[in-house]
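Scroll down for the structure; my scribbles are underneath it.
Read-outs: derived from the displayed coordinates by stated rules, not from any lab. Since this is a predicted model, take the numbers as computed values, not measurements. We place every Cβ from the backbone using ideal geometry, glycine too, and count neighbours over all the protein chains shown.
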Amino acid sequence: MTGVYDVAVLLGSLRRESYSRKLALDVMARARGELDCRLVEVGDLPLYNEDLDDAPPPAWTRFRAEVARADGVLFVTPEYNRSVPGLLKNAIDVGSRPYGQSVFDGKPAAVISQTPHKLGAFGANHALRQSFVFLNMPVLQQPEIYLGGSAQLFDATGRIAAGEVANLLDRFVHAFAEWIARISPPRAQLPQALGAPPPARDGERGRVPF
Ligand SMILES: Cc1cc2nc3c(=O)[nH]c(=O)nc-3n(C[C@H](O)[C@H](O)[C@H](O)COP(=O)(O)O)c2cc1C
């Protein structure tokens, strides 16, 4: 079923001691054997500007290619002012354009939000889910991960200590692997391999654009 899926991990923080990063690294380690996860850099992406579409900055091209080859995308983020950090929203905007060529289109997604405070960064988690509707990203629904008190979650080695949260993350990883398997056929069975035409891109689907 799994072990064949490639997952791009996008972080919503650049902070050196970021809890989101620590969490992502822990989840990536947990996922080994089920998912091949890799961090995709978002900190070097110039702010999205349609004027640059004809000659995109190299960082945009690199980012789009790295997401395009993924079978799924995992977002691990803190909350800024009850929403998605601008860093991560910019990455979403860059990957979603030019219109009709979004690298996110149809890719299974999953979200982990964390905060050292309370409320589990629920606002950021659900602001992302709002974008997934337009991005056409089928997102894992359960288990939901809203982690509060994140500063207390890690042991001396930087891993999530064994216990309730670790168990929840294990279930999450497994559910995401199952979710990708359900949404994305194994690569050998993709329609292109069978001679069928590639699926329509979002700009060609005839939906209301805005
Ligand atoms: C601009 C800014 C806005 C923030 N807004 C929120 C917020 O709305 N909710 C929250 O729980 N924490 C908020 N925080 C605190 C972050 O949760 C905290 O800095 C966290 O450690 C950031 O994640 P990181 O450790 O991955 O960098 C905010 C922090 C910053 C810098």
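Just flag the trypsin sites (Lys or Arg not before Pro) in the stretch 13-49 sitting in loop per DSSP whose Cβ has no more than 13 other Cβ atoms within 10 Å.
ARG15, ARG16, ARG32
Multiplying the sequence separation of ASP36 and ALA55 by 0.36 nm and subtracting their Cα-Cα distance, what value in nm do you get?
Once the chain is fully extended between ASP36 and ALA55, it gains 3.7 nm.
For every other residue with a beta carbon closer than 11 angstrom to the beta carbon of LEU23, add +1 if it is Lys or Arg and -1 if Asp or Glu, then tell me the sum.
Net of charged neighbours comes to +3.
What does DSSP give for the chain in terms of the percent of beta bridges that are antiparallel, rounded to the nearest 5? List each step's numbers first, then the result.
Values: 2 of 21 bridges.
Antiparallel bridges: around 10 percent, rounded to the nearest 5.
Can you give me the span-like helices of the chain, meaning DSSP H runs with 30 Å or more of Cα extent along the axis and Kyte-Doolittle mean at or above 1.0?
Helix filter hits for the chain: none.
In Å, the Kirkwood hydrodynamic radius of the chain over pairs of distinct alpha carbons?
17.7
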